[in-house]
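Okay, structure first, notes after.
The values are calculated or read from the model by the stated rules, or taken from the named source; none is laboratory data. Please read these numbers as outputs of a predicted model, since none were measured by experiment. Note that each Cβ is placed from the backbone with ideal geometry, even for glycine, and that neighbours are counted across all protein chains shown. Each accessible area value is taken on the protein alone, full model and side chains, heavy atoms only, with ligands, DNA and RNA left out. Shrake-Rupley method; radii C 1.70, N 1.55, O 1.52, S 1.80 Å.
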Amino acid sequence: MAYFFQDPSRTFSEYLLVPGYSDEECIPEKVSLKTPLVKHRRGEKPELSIYIPLTSAIMQSVSDDKMAVALAKEGGLSFIYCSQSIEDQVAMVSRVKSHKAGFVTSDSNISPTSTLSDILALKERTGHSTVAVTSDGTCNASLVGLVTSRDYRVSRMDGSEPVRDFMTPIEKLVTAPAQTTLKEANDIIWDHKLNCLPIIDEQGRLMHMVFRKDYESHKQNPYELLDKDKKYIVGAGVNTRDYKERIPALVKAGADVLCIDSSEGHTEWQKKTISWVRSEYGDKVKIGAGNVVDGDGFHFLAESGADFIKVGIGGGSICITREQKGIGRGQATAVIDVSRARNEHFDRTGEYIPICSDGGIVHDYHFTLALAMGADFVMLGRYFARFDESPTNRISIGGSYMKEYWGEGSARARNWQRYDTGGSKGLSFEEGVDSYVPYAGNLKDNVSLTLGKIRSTMSNCGARTIKELQEKAKLTLVSSTSIVEGGAHDVLLKESTNNPNYSQQ
C-alpha cells in the first residue's frame, strides 16, 4: 500500500513565532537580510547573494525587464519568464543588463493619428499622464511630440480629435542627445523647469525618458544588486525542452543565474537539463531547479547538481494543481521537510544548497515564517503582480483599480513546458487560473513596508541575520480559535481603508 506521512500537511497560517530575548543591539535597523542565492562549500563565500530574500516568479504576468530593474534596485532578483520566444526573452535580459539608472524606456506611446479617446484609454491602463507620440506608436520610433494632461481638456473635446492636433510637437520640446549623462539630464530638467526630458538619437528616434519625479530615486542605493561591471543582476527561467538553444542565448545576453521553471522537479528531465549545463559550462553557469516538497526531491536535485532548489507545489494563489491532480503539500510542511534534508546534506557533505520557498505566502508575516522554517529566500507571484512595475494592465473594476494576474498553467499563458512530463507537447488541461489582484502602487514603497515587518519580527526573536533567525526561532501551532483571536474581534470597527471587511451602509 501507499506510504503515509504521519503528520498533517500544514500551511504558514497554522504557525506563529514565539518571541525570544532581544538585547539592546537587536533592533530592526541593525537586521541584515542578505542571503545566499547559490550553493557554496562550508566556510566559503557564495558567488551570488541577494540583499533581500525576495525574488519574483517566472511568470508572464510578473517578471519582465521592468520588474527586474525595479527589484534589483531594492536588492532582490527577478527571473524573467521563459514562456516566450528565445529572442524576446533574450531582449528582456539585454535591456536589464544595459539599463542606465534614471533612463526609462517609455511604455506609454501613441501615434499622431490616434485620438484623444485612445490617450484616455492608455492613461487608464498605465496610469501615466505623459505619453510619447512617435511616428508609429512604438517606444523606439521617431519622436514627433509629447502629450501631457495640460494638452487637452476632456470637458471641451469629444474624444475624436487626432493626437497631432493637440500634442506638443517636437519643435517645441526640449530634448537631449543619446550621450547625455544622468547628471546632465537632471540639470537640463531643472534649468528648463521640465517634468520630463526625452533622450533621442541622431536619427530622432526616442531612446529614453528622464523624469523629474525620479530624481531622488537616482541617488545611490546601498542595496542595489549589481555585478562586477555595475550592471543590474538578473535571472532567467528555462524549460526542459529547448534548453540547448535557450541557455546559450541567455548566457550570451548576460543572464547571471538561471532557474528551471517547472511545477514538479523530481524528474529525469531536470536531471538531464542540469547535466547538460555542467557538461557545457561547468560551474560557471548557475542554475536552480525544482519544485519539490520533500527530502527525496531535494536529495535528487542536489545530486543532480542544482545551485538552489525551489520548494512548493500547488500553493500559489492562481495554482489549481492540487484541485486538478491531487498533488502537492502544505507549504509550511514542505519547507520544514526540505530544510531538514538540506541541513542533513550540509552536515554530510559540507555543501550548502539554498532553498527557495515558492508559493503559499498570503500575509507579510508568512515571509518571516518561511525564513524561520529554513528557506533562504522566497519566490513571489501575486505579491509583485500588484505593482506598477508588473507587465500587466491596470483596470478599474467596481470603482477599484486591479491588475491582471494569470498562472503559467492557465489557458491564457499556455505554458505547457512548465508541466512537461515527457509526453506529447501541449497543455491538455489547466493547472492555473486567470484572475485580478488589487492594485497596490509602486514596488519600492510596498517592499520597504514588507521588509520593515520582517526586520521587526526578527528583532522580536532576537535575531539580526536570517541564519540566526533559523537557529533561534521558536514556532508554535495555532488552533482555529487562536487564529480568530489574533485579529480584531469583539469590537465594532470604524471605517478604515485598511479594513477590507468594512462596507459603508
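Fully extending the segment from residue 453 to residue 113 would add 117.5 nm, taking 0.36 nm per residue of separation and subtracting the current Cα-Cα distance. The 3J(HN,Hα) values that the Karplus relation (6.51, -1.76, 1.60; θ = phi - 60°) gives for segment 9-19 are, in residue order, 8, 10, 9, 4, 5, 8, 10, 9, 8, 9, x Hz. Gly and Pro appear as x. Here residue 401 and residue 84 are evaluated by their C-beta separation; at R0 = 35 Å the FRET efficiency comes out at 0.85.
In percent, rounded to a whole number, the relative contact order of the chain is 21, using alpha-carbon pairs under 8 Å and six or more apart. Once the chain from residue 347 to residue 135 is taken as fully extended at 0.36 nm per residue, the excess over their C-alpha distance is 70.1 nm. Solvent-accessible surface of segment 110-228, taken per residue with a 1.4 Å probe and all protein chains present: 57 Å².
In the chain, carbon and sulfur make up what percent of the accessible area (probe 1.4 Å)?
So the carbon and sulfur contribution to the accessible surface is 49 percent.
Basic side chains Lys and Arg get +1 at the Cβ, acidic Asp and Glu get -1 at the Cβ, and with that the dipole of segment 128-207 about its Cα centre reaches some 260 debye.
Extending 7 Å from the Cα toward the beta-carbon at both residue 227 and residue 30 defines two label points whose distance is 3.7 nm. Extension gain for the segment residue 125 to residue 203, taken as residue separation times 0.36 nm less the Cα-Cα distance, is 25.1 nm to one decimal. Summary of the geometry: segment 48-124 and segment 299-376, compared by the centres of their Cα atoms, lie 27 Å apart. Quick one: of the DSSP bridges fully inside the chain, what percent are antiparallel, nearest 5? Bridges in the chain are about 55 percent antiparallel.
Normalised by 2.2 N^0.38 Å, with N the number of residues, the alpha-carbon radius of gyration of the chain equals 1.04. Under 5 Å from the amide H of residue 40 lie the amide H atoms of 352, each residue being 5 or more positions distant or on a separate chain, with H modelled from the backbone and absent for Pro and chain starts. Inter-label distance, residue 322 to residue 3: 2.1 nm, where each label sits 7 Å from its Cα along the C-beta direction.
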